[in-house]
1. Can you pull out every residue in segment 48-77 that is part of a strand (DSSP E or B), in contact with an Asp or Glu (Cβ under 6 Å, 6 or more places away or on another chain) and surrounded by fewer than 22 Cβ atoms within 10 Å (Cβ to Cβ)?
2. Got a number for residues in segment 307-358 being modelled with pLDDT under 90, within 23 Å of THR281 (Cα to Cα) and of a type outside the set (A, V, I, L, M, F, W, C)?
3. Here are the criteria: (1) among the aliphatic types (A, V, I, L, M); (2) under 29 Å from LYS373 (Cα atoms); (3) over 35 Å from the mean Cα position of the chain (by Cα). Tell me which single one ALA311 does not satisfy.
4. So which residues in segment 385-403 are farther than 18 Å from GLY309 by Cα and within 19 Å of the chain's Cα centre (by Cα)?
5. Just to be sure, is ASN137 farther than 25 Å from THR60 by Cβ, surrounded by 14 or more Cβ atoms within 10 Å (Cβ to Cβ) and of a type in the set (S, T, N, Q)?
6. Checking the conditions here, which among ASP228, ASP215, ASP234 is at pLDDT 70 or above and farther than 18 Å from LEU360 by Cα?
7. Can you tell me which residue is surrounded by the fewest Cβ atoms within 10 Å (Cβ to Cβ) among those in segment 100-132 that are of a type in the set (A, V, I, L, M, F, W, C) and free of Cβ contacts under 8 Å to residues at least 24 places away in the same chain?
8. Only residues that are over 13 Å from the mean Cα position of the chain (by Cα) and of a type in the set (Val, Ile, Thr): list them for segment 321-361, please.
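The values are calculated or read from the model by the stated rules, or taken from the named source; none is laboratory data. Here the structure is a predicted model, which means the values were calculated and not measured. Here Cβ is always computed from backbone atoms with ideal geometry, including for glycine, and neighbour counts include all displayed protein chains.
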Amino acid sequence: MRNWFIGLAVLGTFGSGSAAALSADGQEGFYLGAFGSYELSDANRDSDDGYGYQVTLGRTIGIGESLELSFLGVRRDRNVDGRPDYKNSLILDYVRDFGLFKFQSEALPTFKPYVLAGLGAVLEDVQGREKVHPAVNLGAGVLVPLRFGSWDWGWGLRAEAKALGQFNDRDSAPANRQFLADYHFQIGLQIPLNFHPGRKPVLPAVPDCGLSVVDPVTGRADCLADSDRDGVQDGTDQCPDTASGVKVNDVGCPVETGGDADSDGVLDSDDQCPGTAQGLTVDAKGCAIEQTLTLQSVTFETSSAVLTGQATTVLDGFARAVNGQKNLKLEIGGHTDNTGTAAFNMLLSEQRAKAVKQYLVSKGVDPAVLTTKGYGQTEPVASNDEEAGRAVNRRVDFKIILE
């Protein structure tokens, strides 16, 4: 019990400071770790290997960089008389992680490898002699985020191996050794102490009906509505806001001799792909060719995957273009700037790409023609040193592939 009270006092003191720690979910802030520890004692000790616990508090200080303050309590039995010795240590470690790694198989968990190094002090009782020694700590480990379906609170499972070296006085036990190295193998649970739900990417729900519109005459809000009264139901209408009295084709888009309703440079009379989204390069038939299109106006709410109103307006037109050309396949690529951790940005870009896919599906696009990929901060098109460049790097790319 004495050791537990010491550990809790240490954490209470550190919690009021401004240190930093390793993160399981890409969020910044404090977290708490609790570990079980097995000690492989220095061969010069006349004692058995030890068992104990560790409590840790820390906070991120930058991308992939953390500080951790840890209290370790170990008990071991002396070989000479079977009576116990103990060791308590207080160590401040610098932790460097290498981001999340993923296996090819989705059945295997993601993990974050890391290394650590630190300085501190050891309070040791050896054969009834209690002394404090300066200490150094070196180690490595892995953190596995704990996620179960939609359940994700930022918890993590950690396993690590460390070498804890202590500098003794000349008259210190055992055997007047001036340096001893004990090895610790630990496994434990890590939980965040500050929860930021706004930092979690949240996907918008897919509506039950492909189009969330209300017929102004009948009041219907399902796929059988005809909002623009052009004779084509909203479920198949690729131009749902056609002006009253305009002649339309079988997909609800205007048909005018000599006109170019979709402004793609091909007259409606020759256009075999009406409703092409603005910005797409087309062939002589008015159909999109293979290309990569960046829609900078597809934007999201800060640090989330929730589409803005501006984004949905742009995607409405893009959905009509995809539906109007049946030989298209589309890769939706999400990109971020370098603000935040690489792991969080990768997750956020994946979730944003999926959010765009879900919205296009809600507008009648066949999900079989859509794929998504998150690139995180790995493919900037401008410098991240200034806000103007970061704004350009926050984008969604559409790679069009012809079957």
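1. Of everything in segment 48-77, those that are part of a strand (DSSP E or B), in contact with an Asp or Glu (Cβ under 6 Å, 6 or more places away or on another chain) and surrounded by fewer than 22 Cβ atoms within 10 Å (Cβ to Cβ) turn out to be ARG76, ASP77.
2. 12
3. ALA311 satisfies all of (1) among the aliphatic types (A, V, I, L, M); (2) under 29 Å from LYS373 (Cα atoms); (3) over 35 Å from the mean Cα position of the chain (by Cα) except (3).
4. ARG390, ASN393
5. For ASN137, the condition - farther than 25 Å from THR60 by Cβ, surrounded by 14 or more Cβ atoms within 10 Å (Cβ to Cβ) and of a type in the set (S, T, N, Q) - is not met.
6. Residue meeting the stated conditions: ASP228.
7. Among residues in segment 100-132 that are of a type in the set (A, V, I, L, M, F, W, C) and free of Cβ contacts under 8 Å to residues at least 24 places away in the same chain, the one surrounded by the fewest Cβ atoms within 10 Å (Cβ to Cβ) is ALA107.
8. Passing the criteria: VAL322, ILE332, VAL356, VAL361.
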